[in-house]
Amino acid sequence: MKEKEKKMCSEDKAVLEVLENIDQTVETVFDRAQNMKCCPIGSSVSGICCKNCAMGPCRIRDDKVGLCGATLATIAARNLARHIAVGAAAHSDHGRDMAMLLKEVAEGKAEGLRIKDEEKLLRFARNLGIKTEDREVKEIALDAANKALALFGQQEGEIDFISLAPKKRQEIWRKNKIVPRGIDREVVETLHRTHMGVDQDPENILDHALRNALSDGWGGSMIGTEITDIIFNTPEALPAKTNLGMLSEKDVNLVVHGHEPTLSEVIADLADDKKLVEYAKSKGAQGINVVGICCTANEVLMRQGVAPIGNFLSQELAIMTGSVDAMVVDIQCIMQSLAEVVKKYHTKLITSSPKCKIPGATHVPFEDRKIYDTAREIIKMAIDNYSNRKDVKIPNITSDLVAGFSHEYIRYMLGGRFRQSLRPLNDGIIDGRIQGVVAIVGCNNARHVQDKYHNYLTKEFIKRDYLVVQTGCGAISSAKCGMLMPEAYELAGDGLKSICEAVGIPPVLHLGSCVDNSRILTVVSEVLAEGGLGEDVSDLPAAGIAPEWMSEKALSIGAYFAASGVYVLFGGEPIPVISSQEVVNIMTEGWDKKYGGKLEYVPDVEQILEKVINHIQAKRKALKIDVKKERVLFDMEARRELGNV
Ligand code: NFS
């Protein structure tokens, strides 16, 4: 790859350094992105493709229709609904596995695991309508797990967590008949409705897609986050370090990658196990260094301070440092190319989930819940591989960060242990020191410079006094350029800076992995309950952006935020509907009218900035908090007039 082309790959200096060092015969995602163009029909730029039956695939543009007569708008809506269903299924299936784990913990079947946050278990159980008074923790946990599992197969009624949303929002959902009835039911129904010859009305298809997405955000993802906190602890602010420089020359390096936290939490927990460390020393290493990639990294970062060494586009590069003795992957966002890359390096690629096997990788299952035994076996495999290292080149690049901002911790940091409250946040927004809250979340995409849009937008928003909250790959982007440090308030405007200085927080808060976007839904509901900023999510001066999106999960997240009343903007690559103006209109003006939120594709990053600022300022105006309140200093005469003296 030429020098100039390399610069077009990433903003991350560590990634560029590895690209500089690698053997040119090893192909990366960046090479493939340059050598292979997107299919213009598949990407919906110049038409759309329907391959839902064997009379096609039909390639449709403008006013042409498919063999069955399906229009461009119907096909675009169906395709998007299917993407959303897959994204929602991925998050929710992860949530189901956490509910299964809670059940096993309650039954004493999950070796070495216990309920770590009992308070959170009680809240979780009460939200599911389970009696908690005068009962054993294990009994409550078992009932809560069974009730959570039942929500997946529920056929009618409403899933419980819907009741945590602001009242007005619930009414909007009920009026438009999009309250999810059961988590699995909505996914199955999307697949049914988008089968050949079923739902043909784009608006109706997309309404159901929103119901499906809500079953992710307020269902599967929320269950995933809550139970992970219950078993492995609710995150609290903690310091850590990031980037490829956190790989170690002298320790055994084990990278955890994927999304499910269970095995990774246990592996991280065992990194300083005496026997294993002794074993590592017997093989010539100093110790064991567990680090992470993607959202599994975010899970173990939030609770144990494990270093995320990179986001989605860094996964191949980590192996190319020659220092990764084992990479253990679970589910989601794992490139199949890893199996090809490890052929040229000494890294052992290990799969651990029955749902994700990769030809060329070693499969070490942990289905039987012997989690600690499995984790030990994997760590030993990494140790045994240490002596096989050849050429090691680790970029000497790291950054400090602070993560761990669960919604519980945000309340605590603003109000203290006994007066936990979001009041200071609401007051900060009302008096204009914080202009609004912007969530910048989601993936990297090899069609664009890694981290560039995330970092640019984050810097521009904090500069203008917008508090930024992040999850997923976006949060790792900010971590890598130092924006998750309290000192980053120097980059913020005066208002935001004054709050960050007073509370001691960064201007960019890391809330966790992608399923933890459900934490944002909770914070938003609690901000409204605190008062002074309207009655519904759509009243808030807030917006959500996925500037480098690529996965179907991102589409599901975007859709559940839009259905929850948030203005959501996708940047980078087009969302798969843009060739149909009719569908674009439904998702913007149409959804705005019905739901007070919308999902819009905006390719230009400057326009994203402008549109979000205009939106938030309009919301401030509607709330009548757009004028800076002058501090009135009363003299004695004025006080007498008010009758105070
Ligand atoms: Ni979420 Fe994107 Fe994957 Fe995590 Fe990263 S790519 S939608 S951020 S790691 S899930």
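The values are calculated or read from the model by the stated rules, or taken from the named source; none is laboratory data. Keep in mind that this is a model prediction, so the values were computed, not measured. No Cβ is skipped: glycine too gets one built from the backbone with ideal geometry, and neighbour counts run over all protein chains shown.
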Original post:
Cβ-Cβ below 8 Å, separation at least six or inter-chain, first residue in segment 373-395 and part of a helix (DSSP H, G or I), second at pLDDT 95 or above and of a type in the set (Lys, Arg): which pairs?
Top reply: Met381/Lys348; Ala382/Lys348; Ile383/Lys283; Asp384/Lys283; Asn385/Lys348; Tyr386/Lys283; Ser387/Lys283
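Could you pull out the residue among Met302, Met381 that is outside the structural domain of Gly472 (by TED's automatic domain parsing) and within 16 Å of the ligand (Cβ to nearest atom)?
Details: Met381 fails: within 16 Å of the ligand (Cβ to nearest atom).
So the residue among Met302, Met381 that is outside the structural domain of Gly472 (by TED's automatic domain parsing) and within 16 Å of the ligand (Cβ to nearest atom) is Met302.
If you check Leu414 against the conditions, is it outside the structural domain of Leu491 (by TED's automatic domain parsing) and not in a loop (DSSP other than H, G, I, E, B)? Walk me through it before giving the result.
Numbers: outside the structural domain of Leu491 (by TED's automatic domain parsing): no; not in a loop (DSSP other than H, G, I, E, B): yes.
It is false that Leu414 is outside the structural domain of Leu491 (by TED's automatic domain parsing) and not in a loop (DSSP other than H, G, I, E, B).
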Subject >> Candidate set from segment 435-476 (those that are more than 16 Å from Cys333 (Cα to Cα) and polar (S, T, N, Q)); member that is farthest from the ligand (Cβ to nearest atom) >> reply: Gln435
Original post:
What about Gly224, is it free of Cβ contacts under 8 Å to residues at least 60 places away in the same chain and either closer than 16 Å to Asp516 by Cα or crowded, with 22+ Cβ neighbours inside 10 Å (or both)?
Top reply: no
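Name the residue that is surrounded by the fewest Cβ atoms within 10 Å (Cβ to Cβ), counting only residues in segment 522-557 that are within 16 Å of the ligand (Cβ to nearest atom) and acidic (Asp, Glu). Before the answer, list the steps.
We begin by selecting, within segment 522-557, every residue within 16 Å of the ligand (Cβ to nearest atom); these are 544-557.
With the extra rule that they be acidic (Asp, Glu), the set shrinks to 548, 552.
Details: Glu548: 32, Glu552: 20.
Among those that are within 16 Å of the ligand (Cβ to nearest atom) and acidic (Asp, Glu), it is Glu552.
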**OP:** Quick one: in segment 581-607, of everything that is of a type in the set (D, E, K, R) and surrounded by 14 or more Cβ atoms within 10 Å (Cβ to Cβ), which residue is nearest to Phe570 (Cα to Cα)?
**Re:** Glu600
Subject >> Selection count where residues are surrounded by fewer than 14 Cβ atoms within 10 Å (Cβ to Cβ) and either outside any loop (DSSP other than H, G, I, E, B) or more than 36 Å from the chain's Cα centre (by Cα) (or both), scope segment 55-73 >> reply: 5
Subject >> Failed item, numbered, when Lys13 is tested on (1) within 22 Å of Glu600 (Cα to Cα); (2) basic (Lys, Arg); (3) at pLDDT 95 or above >> reply: (1)
**OP:** Kindly indicate the residue of segment 552-567 that is among the hydrophobic types (A, V, I, L, M, F, W, C) and within 15 Å of Val437 (Cα to Cα) and also farthest from the chain's Cα centre (by Cα) among those meeting that condition.
**Re:** Val566
Original post:
Given the conditions (1) within 26 Å of Thr28 (Cβ to Cβ); (2) touching an Asp or Glu at 6+ places or on another chain (Cβ under 7 Å); (3) polar (S, T, N, Q), and given that Thr458 satisfies all but one, which numbered condition is not satisfied?
Top reply: (2)
Subject >> Pair list, Cβ under 6 Å, 6 or more apart: segment 293-312 residue part of a helix (DSSP H, G or I), other residue of a type in the set (Ser, Thr, Tyr) and surrounded by 24 or more Cβ atoms within 10 Å (Cβ to Cβ) >> reply: Cys295/Ser513; Thr296/Ser264; Asn298/Ser513; Glu299/Ser513; Val300/Ser264
**OP:** Might you check whether a residue that is at pLDDT 95 or above, more than 30 Å from Leu72 (Cβ to Cβ) and part of a loop (DSSP other than H, G, I, E, B) occurs anywhere in segment 182-198?
**Re:** yes
**OP:** Look at Val341 and say whether it is crowded, with 22+ Cβ neighbours inside 10 Å, away from the ligand (no atom under 16 Å from the Cβ), assigned to a helix (DSSP H, G or I) and touching a residue at least 24 places away in the same chain (Cβ under 8 Å).
**Re:** yes
